[in-house]
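One structure is given here, and the rest of the page talks about it.
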Amino acid sequence: AQRVTQPEKLLSVFKGAPVELKCNYSYSGSPELFWYVQYSRQRLQLLLRHISRESIKGFTADLNKGETSFHLKKPFAQEEDSAMYYCAPKRGGYYKLSFGAGTTVTVRA
Amino acid sequence: KAGVTQTPRYLIKTRGQQVTLSCSPISGHRSVSWYQQTPGQGLQFLFEYFSETQRNKGNFPGRFSGRQFSNSRSEMNVSTLELGDSALYLCASSFLRGRDNEQFFGPGTRLTVL
């Protein structure tokens with residue numbers, strides 16, 4: 001069965017500290033992977049996608065096919081990074097996004 | 001461009017009733033997906049429509065149904081409501097150009113079943 005796991009429900013870090021959100025998936029073939037973010041009282045929105053290999057708001061995510069992971073990282077967390085983060089794989093060629101359970105990140109001053 | 005809109009924003013129903021939620025995608029977007037968001041289960045996929053056809057369906061009972069109109073607007077219907085149907089229902093639209101299609105989410109409809 002296809003599955004996505006975000007092992008941490010809650011993550012609390014101090015401002016300026018590194019933050020890493022874990023995501024592991026079990027998908028056959030070549031899935032496409034996304035990270036979505038939901039800030040307080042805002043809509044769920046795309047943060048970044050693996051296919052673009054981009055850095056958004058200081059966040060990067062590397063797809064590790066060997067470990068089937070797509071961890072999200074930021075070297076220096078900021079208070080405005082406090083939000084709910086969802087890892088979302090999509091089976092290649094399909095249009096259904098599956099979301100992990102989400103990780104709530106709190107960045108403390 | 002206006003974003004995805006959902007109506008109503010809040011809804012209170014009682015068990016056994018039925019409810020219809022509406023979603024207007026971003027102009028030009030032809031794919032509309034529906035998700036249920038609850039604190040315990042997170043975001044769960046309900047179904048996805050493209051050009052008035054349901055192409056993907058999640059693991060929800062038949063009480064949950066939907067449809068899409070020719071203008072890409074979509075409705076979701078839940079019949080015989082149960083307490084456990086209380087959730088935030090999110091609609092997302094995408095343009096579907098190429099593989100890397102981003103989904104744009106609406107603000108959601110908060111359904112409370114009493």
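The values are calculated or read from the model by the stated rules, or taken from the named source; none is laboratory data. Given the structure is predicted, the values throughout are model-derived calculations rather than measurements. Positions of Cβ are generated from backbone atoms using ideal geometry, with glycine treated the same way; all protein chains shown enter the neighbour counts.
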For a quick check of your reading of the model, give me the residue pairs whose first member lies in region B:1-22 and is under 15 Å from B:PHE64 (Cβ atoms), whose second is among the small types (Gly, Ala, Ser) and surrounded by 14 or more Cβ atoms within 10 Å (Cβ to Cβ), with beta-carbon atoms closer than 7 Å and at least 6 apart or on different chains. B:GLN18/B:SER79
Please specify each residue of region A:50-109 satisfying the condition of being among the aromatic types (Phe, Trp, Tyr), within 14 Å of chain B (Cβ to nearest Cβ) and surrounded by fewer than 20 Cβ atoms within 10 Å (Cβ to Cβ). A:TYR94, A:TYR95
So which of B:GLY3, B:GLY84, B:GLY28, B:GLY62 ends up being surrounded by 13 or more Cβ atoms within 10 Å (Cβ to Cβ) and not in a strand (DSSP E or B)? B:GLY3
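Within region B:54-69, is there a residue that is free of Cβ contacts under 8 Å to residues at least 60 places away in the same chain, within 12 Å of another protein chain (Cβ to nearest Cβ) and farther than 19 Å from A:PHE99 by Cβ?
Looking for residues that are free of Cβ contacts under 8 Å to residues at least 60 places away in the same chain, within 12 Å of another protein chain (Cβ to nearest Cβ) and farther than 19 Å from A:PHE99 by Cβ, one finds at least one in region B:54-69, hence yes.
Do we find that B:PHE69 is closer than 23 Å to B:GLY3 by Cβ, hydrophobic (A, V, I, L, M, F, W, C) and modelled with pLDDT of 95 or more in this structure?
Numbers: closer than 23 Å to B:GLY3 by Cβ: yes; hydrophobic (A, V, I, L, M, F, W, C): yes; modelled with pLDDT of 95 or more: yes.
Against the criterion (closer than 23 Å to B:GLY3 by Cβ, hydrophobic (A, V, I, L, M, F, W, C) and modelled with pLDDT of 95 or more), B:PHE69 qualifies.
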How many residues are over 14 Å from A:PHE99 (Cα atoms) and among the aromatic types (Phe, Trp, Tyr) if we restrict to region B:33-53? 2
Is it the case that some residue within region A:31-51 is among the charged types (D, E, K, R), over 9 Å from the mean Cα position of the chain (by Cα) and over 23 Å from B:LEU90 (Cβ atoms)? no
Considering region A:88-109, residues that are modelled with pLDDT of 95 or more and not hydroxyl-bearing (Ser, Thr, Tyr), and then whichever is farthest from the chain's Cα centre (by Cα), we arrive at A:ARG108
Could you go through region B:30-49 and let me know if any residue there is modelled with pLDDT under 95, within 14 Å of chain A (Cβ to nearest Cβ), closer than 27 Å to A:ILE51 by Cα and more than 12 Å from the chain's Cα centre (by Cα). yes
Could you tell me which numbered condition B:SER72 fails, if it satisfies all but one of (1) assigned to a loop (DSSP other than H, G, I, E, B); (2) in contact with a strand residue (DSSP E or B) (Cβ under 8 Å, 6 or more places away or on another chain); (3) more than 16 Å from B:GLY28 (Cβ to Cβ)? (3)
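Let's see how each residue does on (1) touching a Lys or Arg at 6+ places or on another chain (Cβ under 7 Å); (2) more than 14 Å from A:ASP81 (Cα to Cα):
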site: A:GLU8; (1), (2): yes, yes
site: A:GLY16; (1), (2): no, no
site: A:LEU21; (1), (2): no, no
site: A:ASN24; (1), (2): no, yes
site: A:PRO31; (1), (2): yes, yes
site: A:PHE34; (1), (2): yes, yes
site: A:ARG43; (1), (2): no, yes
site: A:THR60; (1), (2): yes, no
